[in-house]
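Data first, discussion second: the structure below is written as structure tokens.
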Amino acid sequence: MNHRTNMTIKTAILVSLFSLCSMSLALVHSFNPDDGSVIFVAKGKPSLLKIEGKGSGFNGQLTEENGKVSGTLTMDVRSFDTGIELRDEHMKNNYLDVENFPTATLSLKDQAVPKEGSFKFKGELEIKGVPKTVEGTATLKKTDGGTELKAEFPINISNYPIGVPKYLGITVAETVQVTATSKSVTQDKTSASK
């Protein structure tokens with residue numbers, strides 16, 4: 001083997017090694033709304049009435065790479081149910097305007113996450129076309145073929161063009177507590193590093 005052939009082989013090996021090093025493993029978590037739920041709790045003023053509602057889970061994808069997650073999850077606000085039909089109609093039509101804004105969207109960008117366990121998160125929640133920062137706590141638990149996600153965060157409804165909901169003389173407090181749970185199907189996706 002001559003010197004030139006030897007150098008060509010070494011160069012090819014180095015290029016191959018560099019290509020492998022520049023690839024990183026990304027995990028794509030796909031969420032189905034049927035595999036979770038969104039629960040919201042609002043307190044009434046001046047009474048101690050507690051209004052609880054439930055809707056379908058997240059829909060969307062989160063991509064996890066190098067210990068950080070980015071992506072968008074949507075919630076179908078048309079699915080929200082508080083157990084009283086007239087109150088639901090009032091909430092959806094008068095305040096959430098579900099005909100024009102059928103979903104609320106939670107976006108995460110470069111959110112540091114552990115392999116498992118609880119962590120603080122910061123994202124952007126868009127309701128009725130208005131994005132606002134939300135912060136909360138999330139918990140990840142690995143399962144066979146996926147991940148279980150639970151996120152808890154408060155929403156200040158005065159940050160959005162909703163108005164302060166009132167129903168039968170009871171005014172809803174400005175802070176609504178949200179708990180969302182969902183399961184994802186996780187797939188490996190190899191992508192070139194930037």
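The values are calculated or read from the model by the stated rules, or taken from the named source; none is laboratory data. What you see is a predicted model; the values in this text were computed from it and never measured. Cβ sites come from the backbone with ideal geometry, for glycine too, and all protein chains shown count toward neighbours.
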Quiz item: Is it true that Lys92 is modelled with pLDDT of 95 or more, basic (Lys, Arg) and over 18 Å from Glu148 (Cα atoms)?
Solution: no
Quiz prompt | Matching residues, segment 115-131, being closer than 17 Å to Val77 by Cα and under 15 Å from the mean Cα position of the chain (by Cα) | solution = Glu124, Leu125, Glu126, Ile127, Pro131
Quiz item: For residues in segment 36-63 being modelled with pLDDT of 90 or more and of a type in the set (S, T, N, Q), which is nearest to Lys92 (Cα to Cα)?
Solution: Ser56
Quiz prompt | Complete set of residues in segment 48-92 that are among the hydroxyl-bearing types (Ser, Thr, Tyr) and either touching a residue at least 60 places away in the same chain (Cβ under 8 Å) or out of contact with any helix residue (DSSP H, G or I) (no Cβ under 7 Å at 6 or more places or on another chain) (or both) | solution = Thr63, Ser70, Thr72, Thr74, Ser79
Quiz item: With (1) at pLDDT below 85; (2) in a strand (DSSP E or B); (3) of a type in the set (D, E, K, R) as the list, and Lys183 as the residue in question, which single condition is left unmet?
Solution: (1)
